[in-house]
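Colleague: Once you've had a glance at the structure underneath, I'll fire off some questions.
Every number in this text was worked out from the coordinates using simple rules, so none of it is lab data. Since the model is a prediction, treat every value here as computed from it, not as a measurement. As a convention, Cβ positions derive from the backbone with ideal geometry for all residues, glycine included, and neighbour counts pool all protein chains shown.
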Amino acid sequence: MRWEMIVGLEVHAQMLTKTKIFCGCSTAFGSSPNTQVCPVCLGLPGALPVLNSKVVQYAVKVGLATNCTINQSNRFARKNYFYPDLPKGYQISQFEKPILEFGHLDIEDDAGAPKRIGITRIHMEEDAGKLLHPEAPGADYSLVDLNRACVPLLEIVSEPDIRSAGEAVRYVRKLREILVYLGVCDGNMNEGSLRVDANVSVRPVGQEKFGTRTETKNVNSFKFLEQAINYERQRQIEVLEDGGEIVQETRLFDAVRGITVSMRSKEEAHDYRYFPDPDLLPVVISQSEIEDARASLPELPDAKRERFVSTLGLPKLDAEVLCQTREMADFFESVVALHNDPKAASNWMMGGVLKNMNRDGMETLARLPVKASHIAGMLDLMKSGAISSKIAKDVFEEMWTSGKSAAEIVKEKGLTQISDTSEIEAIVDAIIAKNPSEFERLKGGDQKLTGFFVGQIMRESKGKANPGMVNDLLKKKMEG
């Protein structure tokens, strides 16, 4: 039997606010356990929540960027359930009146064809705390860190439009990219700023009714998301083909073993007894606030890629790489503003900056040792013929380690390219004199020896000879 997989994703994105959604406690990551809490986020008697308006502003931006309908009147609800890291015994979320609905993102399917993934809803909510499980031998207890309690989240719920693990990864990558471009989420999956719940079911090809789904919680990397979905697909198919039934349940992904494991039954999971939160007024968003948010939107990744290709003339692959982050795209454009050769700038961004960032384990440009003006200055020297591409590589590495400009490095180290005809001709003659038999073979048509002579000449000049002039002079000597 041929099977079709159905996937819907719930992405939890932590908003990049300095304080929590309903109190003034810090949202900083990595603080000592239970040091960023107060009566409000602990749910102590008499403590009342006050909505952080920045969360609403961020949500509106996300709605505009994901083609959502913005519900100008929406409200918070209490989602009642018990869990050890949920101090109030309920979570403040949104239910029947979320802030955003009916959006979509466009991705490519596994064959490269355009595909639209619907977004059912996006709602604001608070996060729960975190359980810590000691690994000491015989430890049969858990510890609770409530620093995350009341941290602001947007939960982004897709339609069940995804049909493969690859589509799921592309959807989440694009969503993360947009959130980071907007500056509303840092997208750091390792720190839990972006977490994915994957709802997976399978059905025979041609059947309209969905199969029973499972939910794999809190997947925190693209690699693990792909592995978890593929494993769950195969597991469900094997259960059904063996005559069994799929149990609706919550599962966790074991990254060490590459499998999903049962966490708890979902039989009663829908009985959250939602009701409007009596401590919070409805959220009312004016049209002028929406227009202000629209005016503040940056150029989004897809539009930027299209402009880089259509206006700057970059290949599609270059645009894809440069637009992965807003800071990288902005840095590239700063180089182009100073040296108007987009392709040359792109080559050095990818073959120099990104290469060295990967080598040095540098994840962002925040601590980049070179400035846009450094790279533009180096490109100016190459264009003028002052340095060759080979010398430029040495200059770039020196810029990376010293922070000096290309002009300073070239002057200090005497790296200016030799473009004096007589000086280069003297070197060419010297190399020919050292290798007379090879030169006779070159004149006789052994073109492989061209590289040999050019290499010897460049080595003798310590890489400073103008390569174009070297080739021209060598050609003239052969003809003479």
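Colleague: At 20 °C and 1.002 mPa s, what whole-number value in µm²/s does Stokes-Einstein give for the translational diffusion of the range 228-384, with Rh from the Kirkwood sum over Cα pairs?
Modeller: 101 µm²/s
Colleague: Regarding the range 421-479, what's the average projected area of the Cα-atom convex hull, expressed in nm²?
Modeller: Computed as one quarter of the Cα hull surface, the answer is 3.4 nm².
Colleague: Take every Cα pair under 8 Å in the chain that's 6+ residues apart, average their separations, divide by the length, and report that relative contact order as a whole percent.
Modeller: 13 percent
Colleague: For the range 251-333, what D do you get in µm² per second when you plug the Kirkwood radius from alpha-carbon pairs into Stokes-Einstein at 20 °C and 1.002 mPa s?
Modeller: Translational D for this selection: 117 µm²/s.
Colleague: Treating only the Cβ of Lys, Arg, Asp and Glu as charged (+1, +1, -1, -1), what charge dipole size does the chain show about its Cα centre? Round to the nearest 20 debye.
Modeller: 760 debye
Colleague: When N is the residue count of the range 3-288, what does its C-alpha Rg come to as a fraction of 2.2 N^0.38 Å?
Modeller: Its radius of gyration relative to the 2.2 N^0.38 Å reference: 1.02.
Colleague: May I ask for log10 I(q)/I(0) of the chain at q = 0.10, 0.11, 0.12, 0.13 Å⁻¹, from a Debye sum over the Cα atoms as equal point scatterers with solvent left out?
Modeller: Log-scaled intensity ratios, in q order: -0.88, -0.99, -1.11, -1.23.
Colleague: State the dimensionless ratio Rg/Rh of the range 44-115 (Rg: radius of gyration of Cα atoms; Rh: Kirkwood radius).
Modeller: Across the range 44-115, the Cα-based Rg/Rh ratio is 1.13.
Colleague: By what distance, in whole Å, do the Cα atoms of the range 169-214 stretch along each of the three principal axes, largest value first?
Modeller: Principal extents (largest minus smallest coordinate, Cα): 42, 18, 13 Å.
Colleague: Taking amide hydrogens as modeled 1.01 Å from N in the peptide plane, which residues meet the under 5 Å criterion relative to Ala77, leaving out close sequence neighbours?
Modeller: Under 5 Å from the amide H of Ala77 lie the amide H atoms of Ser93, Gln94, Phe95, Asp277, each far enough along the sequence or on another chain.
Colleague: Averaged across orientations, what area in nm² does the convex hull of the alpha carbons in the range 344-444 project?
Modeller: Taking a quarter of the hull surface, the average projection is 8.8 nm².
Colleague: Could you derive backbone 3J(HN,Hα) for the range 67-78 from the dihedral phi with the Karplus parameters 6.51, -1.76 and 1.60 (θ = phi - 60°), listing whole Hz in sequence and x where the residue is Gly or Pro?
Modeller: So the Karplus estimates, Gly and Pro as x, are 6, 8, 7, 9, 7, 5, 10, 9, 8, 8, 10, 9 Hz.
Colleague: Report the per residue volume, in Å³, of the convex hull enclosing the C-alpha atoms of the range 1-106.
Modeller: 189 Å³
Colleague: When a footprinting reagent is the concern and you count Cβ atoms within 10 Å, what order do Cys41, Cys25 take, fewest first?
Modeller: The fewest-first ordering by Cβ neighbours comes to Cys25, Cys41.
Colleague: Give, rounded to the nearest 20 debye, the magnitude of the charge dipole that the range 299-413 has about its Cα centre when Lys and Arg contribute +1 at Cβ and Asp and Glu contribute -1 at Cβ.
Modeller: 240 debye
Colleague: Which residue, chosen from Phe76, Leu194, Tyr231, occupies the Cα position most advanced towards the positive end of the dipole of the chain, where the dipole is computed from +1 (Lys, Arg) and -1 (Asp, Glu) charges on Cβ about the Cα centre?
Modeller: Looking along the dipole axis, the top candidate is Leu194.
Colleague: Continuing with this model, one more query. Using only Cα atoms, what is the ratio of the radius of gyration of the range 95-165 to 2.2 N^0.38 Å?
Modeller: So the range 95-165 has a normalised radius of gyration of 1.69.
Colleague: Taking a temperature of 25 °C and a viscosity of 0.890 mPa s, what whole-number D in µm²/s does Stokes-Einstein yield for the range 13-170 with Rh from Kirkwood over alpha carbon pairs?
Modeller: 141 µm²/s
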